[in-house]
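The structure's right below; bear with me while I get my questions together.
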Amino acid sequence: MMLKTLTTVLMVAAAGSLLNAQAADKPRTVWDGVYTDAQAARATATFSQSCSNCHTLSQDGGNRPLTGDAFWKGFTQKTVADLLTFVKTNMPNGVNAGSLPAPTYNDLVALILKSNGFPAGNTEVSPDSVAGVQIIPKEGPGELPANILVRVVGCLSKSGADWVLTSATPPERIERTGPGPSDATRPLGTRSMTLKFVLTRLDPFVGQRMSVSGMLIGAGGADGINVTTVARVAETCP
């Protein structure tokens, strides 16, 4: 009986350790509650005084909205730390950008998150607390919207008059064009991505691994990618 009890205890402990490990490996997202209601409330007056001339927390009106479609287009698959950097850099607009106290910017991000319908939690926004916190839809990352600058890696081929990347990776949102440091070795994907408006002569690179940067045409690049840069990252592919 004692052996049976000990075995049960060990199994329960092992299961708990596995669940804890899985939770630790799961990236945090905006749906995990990364600000507090009190913090968002503190920012209301500041936003009205310092930000509302250029931005709105509603999708209505002529000012640049920080919610809804505009928010998702600007920040989907980025992090809350990226959002905080944006707010620090651009608010208040003009020569006063970056002039507010650091805690005020933290509060403003909390207000933006609340205005987009993300749940509150028990921890306030700070540079450390939101590092790596992903901004993604509740159901998962999904596809990036059209007109987003991305990088895709795949095998170069030709289909009729079009250049195409086969075995392509999902589009990766980027801030600047050019190959990434792991493009030569990163696992490839299962997509095909049509390359549009290519100005580089690509015939010598057929069958080779290429890194392509450009703007998505259609959500997720459904209609291809408007190419900005193309670079060979490996002579063989995959």
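The values are calculated or read from the model by the stated rules, or taken from the named source; none is laboratory data. Since the structure is predicted, the reported quantities are computational estimates derived from the model, not experimental observations. Ideal geometry is used to build each Cβ from the backbone, glycine not excepted, and the neighbour counts take in all protein chains shown.
Just need a number here: residues in the range 166-200 that are in a strand (DSSP E or B) and loosely packed, with under 12 Cβ neighbours inside 10 Å.
Keep residues of the range 166-200 that are in a strand (DSSP E or B), which gives 166-168, 172-173, 191-196.
Now drop any that are not loosely packed, with under 12 Cβ neighbours inside 10 Å, which leaves none.
Residues that pass the stated criteria total 0.
Condition check ((1) within 18 Å of the chain's Cα centre (by Cα); (2) of a type in the set (Ser, Thr, Tyr)) across all residues:
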residue	(1), (2)
Arg151	yes, no
Cys155	no, no
Lys158	no, no
Asp162	no, no
Thr166	no, yes
Thr169	yes, yes
Arg186	no, no
Arg191	no, no
Ser213	yes, yes
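Further question on the same structure: Would you confirm, using the coordinates I've provided, whether Asn90 is at pLDDT 95 or above and under 20 Å from Gly74 (Cα atoms)?
On the way: at pLDDT 95 or above: no; under 20 Å from Gly74 (Cα atoms): yes.
Judged against the criteria, Asn90 is not a match.
To continue, here is another question. Mind checking which residues of the range 43-74 are in contact (Cβ under 8 Å) with a residue 24 or more places away in the chain and either among the aliphatic types (A, V, I, L, M) or in a strand (DSSP E or B) (or both)?
If the condition is that a residue be in contact (Cβ under 8 Å) with a residue 24 or more places away in the chain and either among the aliphatic types (A, V, I, L, M) or in a strand (DSSP E or B) (or both), then Ala43, His55, Leu57, Leu66 are the ones that fit.
Being closer than 20 Å to Gly142 by Cα and assigned to a helix (DSSP H, G or I) is the filter here, so list the residues in the range 201-238 that pass it.
Taking the range 201-238 and keeping what is closer than 20 Å to Gly142 by Cα, we get 213-225.
Passing the criteria: Ala219, Gly220, Gly221.
Does the range 13-30 include one or more residues that are at pLDDT 95 or above, more than 20 Å from the chain's Cα centre (by Cα) and exposed (fewer than 13 other Cβ atoms within 10 Å of the Cβ)?
No: zero hits.
With Ser213, Ser182 as the choices, which residue is in contact (Cβ under 8 Å) with a residue 60 or more places away in the chain and of a type in the set (S, T, N, Q)?
Selected residue: Ser213, the only one of Ser213, Ser182 that is in contact (Cβ under 8 Å) with a residue 60 or more places away in the chain and of a type in the set (S, T, N, Q).
Residue by residue through the range 203-238, note down the ones that are under 12 Å from Cys155 (Cβ atoms) and among the hydrophobic types (A, V, I, L, M, F, W, C). Show your work before the answer.
We begin by selecting, within the range 203-238, every residue under 12 Å from Cys155 (Cβ atoms); these are 205-212, 232-238.
Once the filter is applied, which keeps residues that are under 12 Å from Cys155 (Cβ atoms) and among the hydrophobic types (A, V, I, L, M, F, W, C), the range 203-238 yields Phe205, Val206, Met210, Val212, Val233, Ala234, Cys237.
Collect the residues in the range 100-125 that are aliphatic (A, V, I, L, M) and assigned to a helix (DSSP H, G or I), keeping them in residue-number order. Break it down stepwise before answering.
Going residue by residue through the range 100-125, those that are aliphatic (A, V, I, L, M) are 100, 102, 108-113, 120, 125.
Residues satisfying the conditions are Ala102, Leu108, Val109, Ala110, Leu111, Ile112, Leu113.
Scan (1) assigned to a loop (DSSP other than H, G, I, E, B); (2) touching a helix residue (DSSP H, G or I) at 6+ places or on another chain (Cβ under 7 Å); (3) not aromatic (Phe, Trp, Tyr) for the single condition Lys88 breaks and write down its number.
Unmet condition: (1).
Restricting attention to the range 59-81, does a residue exist that is within 30 Å of Pro170 (Cβ to Cβ), of a type outside the set (Ser, Thr, Tyr), touching a Cys at 6+ places or on another chain (Cβ under 7 Å) and loosely packed, with under 15 Cβ neighbours inside 10 Å? Explain how you work it out, then say what you get.
Taking the range 59-81 as the starting set, the residues that turn out to be within 30 Å of Pro170 (Cβ to Cβ) are 59, 64-81.
When the remaining residues are screened for being of a type outside the set (Ser, Thr, Tyr), the result is 59, 64-66, 68-75, 77-78, 80-81.
Next, only the ones that are touching a Cys at 6+ places or on another chain (Cβ under 7 Å) stay: 64.
Now restrict to residues that are loosely packed, with under 15 Cβ neighbours inside 10 Å: 64.
Taking every residue of the range 59-81 in turn, at least one turns out to be within 30 Å of Pro170 (Cβ to Cβ), of a type outside the set (Ser, Thr, Tyr), touching a Cys at 6+ places or on another chain (Cβ under 7 Å) and loosely packed, with under 15 Cβ neighbours inside 10 Å.
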